[in-house]
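S.K.: Have a look at this one before I ask anything.
The values are calculated or read from the model by the stated rules, or taken from the named source; none is laboratory data. In this text the structure is predicted, and so the values were computed from the model without any measurement. No Cβ is skipped: glycine too gets one built from the backbone with ideal geometry, and neighbour counts run over all protein chains shown. Note: accessible area is taken over every heavy atom of the protein model, side chains too, but ligands, DNA and RNA are not part of it. Shrake-Rupley method; radii C 1.70, N 1.55, O 1.52, S 1.80 Å.
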Amino acid sequence: MRTTTPAMAVWNNREKIAASRSRLQALYEAVDWANDLDLYQWTQWFAIALEFQPDLIVELGRGMGNSTCVFTEAANQLGDCRVVSLCLSPDWDATVKHRVAQVVPDSWFQKLETRTEEILTTDVQALIGDSQRVLVLWDAHGFDMAEFVLGGLLPTLEHRHSFVVMHDISDGRYSRINPSYQGKRLWRGTREGFNREGHSRLYLNYLDTAVEQTIAIVDFISRNGLTLESADHSLQTELSSERISELQNSLEAKFFRLDGHWFYFSLNEKTKGEEIYFPNFQSEIVIQERQARSHVDNDHAQVEQLQGEVNHLKTLLAQAQADTGMANLLKKAWRKYKAFRSR
Ligand SMILES: C[S@@+](CC[C@H](N)C(=O)[O-])C[C@H]1O[C@@H](n2cnc3c(N)ncnc32)[C@H](O)[C@@H]1O
């Protein structure tokens, strides 16, 4: 089995991609949520799945279902592959699934199991079962999720073939980064109640991100001497200019670009017997801590709201004081006027 990289995946599967364009486009339009994944990224993930040939694709974070559709289409084409999609969001069932059903046959859904549930409490042994080639899409964010993936899910994959795709990290070597803080404060995470607009993005060397798990990923990769690579780097360094021209000619620009804004790694880079270090993950503890944090966040939000109200009252008071001053001046002027008239 050849090593999977985004560039080689796109190149080796260019004919299948070309043949699948109208299906991908129809699904993309049915999902109608390019915010989370654009069409050229659909093509890249579709190619990765065709190239890696998983028997199981685990989707962590379905949202509106871009990746759900990409991977289910790939699973349908691969045949011996199924997708398990885990997410709290009800959007797929509520709004997207029936639109997708207009563009695919009913049998298409047989490859897909969507679960609307908390990922952190997933029984990973049952999830993975006896699957041997597992493609993981890591598209749900935060340190809790990172602890689940790195400490809960990945140990189960240690002795199987695995490939992990991570969204929401751009490669500053290939995308234009504005190094300026633009007058904003330091990046401090994405916890609720936090004014993200007022804070800059996080740059870790050339990793350009706004999501916490990037820190946990770099930590994990560094400890284990694994390679964390970007789709952009693969696409921009592994394809000759002739191949790029051929891809540009055979695929329209909306299906093929040299940027990806996602990273990947595989545990299989380690040779058999080499130890891999995983963090401890205990779902009950993580959930308890999250509940405690959410109480603190609520208190914080209430304090902020009260502070806002106090500021508003202060403004009203200052206005009232100014109005009283004006009224006193008018009274004084009126008294002077009356005195003047009565002379
Ligand atoms: C960025 S969206 C996923 C986008 C999707 N992969 C796509 O391509 O359209 C992230 C999703 O992860 C879900 N999520 C985050 N943390 C979660 C958790 N602990 N359990 C379940 N779902 C979670 C959110 O509800 C959100 O819908």
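S.K.: Which GluC sites (Glu not before Pro) from region 133-215 combine a DSSP loop assignment with at most 15 other Cβ atoms within 10 Å?
M.R.: Hits after loop and neighbour filter: 158, 192.
S.K.: Mean-square fluctuation check for the chain, GNM, Cα pairs under 10 Å: which of 104, 83, 136 is largest?
M.R.: Taking springs between Cα atoms under 10 Å, the residue moving most is 104.
S.K.: Viscosity 1.567 mPa s, temperature 4 °C: give me the Stokes-Einstein translational D for region 57-208 in µm²/s, with Rh taken as the Kirkwood radius over C-alpha pairs.
M.R.: 74 µm²/s
S.K.: For residue 85, list long-range residues whose amide hydrogen, built 1.01 Å from N in the peptide plane, is under 5 Å from its own amide hydrogen.
M.R.: For residue 85, the qualifying residues are 59, 113, 114, 115.
S.K.: Sticking with this structure for a sec: State whether region 38-85 is rounded, prolate or oblate according to the following rule on the C-alpha gyration tensor (a ≥ b ≥ c being the square roots of its eigenvalues): a/c under 1.5 gives rounded; otherwise a/b larger than b/c gives prolate, and the remaining case gives oblate.
M.R.: Verdict is oblate for region 38-85.
S.K.: Among 47, 34, 327, which one shows the biggest mean-square fluctuation in a GNM of the chain, springs joining Cα atoms closer than 10 Å?
M.R.: Taking springs between Cα atoms under 10 Å, the residue moving most is 327.
S.K.: For the chain, give the share of DSSP beta bridges that are antiparallel, in percent and rounded to the nearest 5; count only bridges with both residues there.
M.R.: Numbers: 12 of 34 bridges.
For the chain, the DSSP antiparallel bridge percentage is about 35.
S.K.: Highest first, please rank the peptides 17-29, 251-263 by the mean number of other Cβ atoms sitting within 10 Å of their residues. Each step should come with its number before you reach the end.
M.R.: Values: 17-29: 17.1, 251-263: 20.0.
Sorting 17-29, 251-263 by mean packing, highest first, produces 251-263, 17-29.
S.K.: Follow-up. Nothing charged except the Cβ atoms of Lys and Arg (+1) and of Asp and Glu (-1): what's the magnitude of the dipole of region 282-343 about its Cα centre? Round to the nearest 20 debye.
M.R.: 1500 debye
S.K.: Would you kindly calculate the mean projected area, averaged across all directions, of the convex hull enclosing the Cα atoms of region 282-343, in square nanometres? Write out the running numbers ahead of the final one.
M.R.: Values: hull surface 15.4 nm².
Result: 3.8 nm².
S.K.: Put 42, 187 in order of accessible area, largest first, 1.4 Å probe: what do you get?
M.R.: Largest to smallest exposure gives the sequence 187, 42.
S.K.: Can you give the convex hull volume per residue for the Cα atoms of region 174-298, as a whole number of Å³?
M.R.: Looking at region 174-298, the number lands at 177 Å³ per residue.
S.K.: Using a Gaussian network model of the chain with C-alpha springs under 10 Å, which one of 191, 133, 82 is most mobile by mean-square fluctuation?
M.R.: 191
S.K.: Provide, in order from the shortest bin, the percent of all Cα-Cα pairs of the chain in each 20 Å bin, continuing until the bin that contains the maximum pair distance.
M.R.: Each 20 Å bin holds this share of Cα pairs: 26, 50, 13, 7, 4, 0.
S.K.: Dipole of the chain, Cα-centred, from +1 at each Lys and Arg C-beta and -1 at each Asp and Glu C-beta, to the nearest 20 debye?
M.R.: Roughly 2680 debye, rounded to the nearest 20.
S.K.: Could you give the Stokes-Einstein D for region 246-330 in µm² per second, using the C-alpha Kirkwood radius, 25 °C, 0.890 mPa s? Don't skip to the end; give the middle numbers.
M.R.: Working: Rh = 21.0 Å.
This corresponds to a translational diffusion coefficient of 117 µm²/s.
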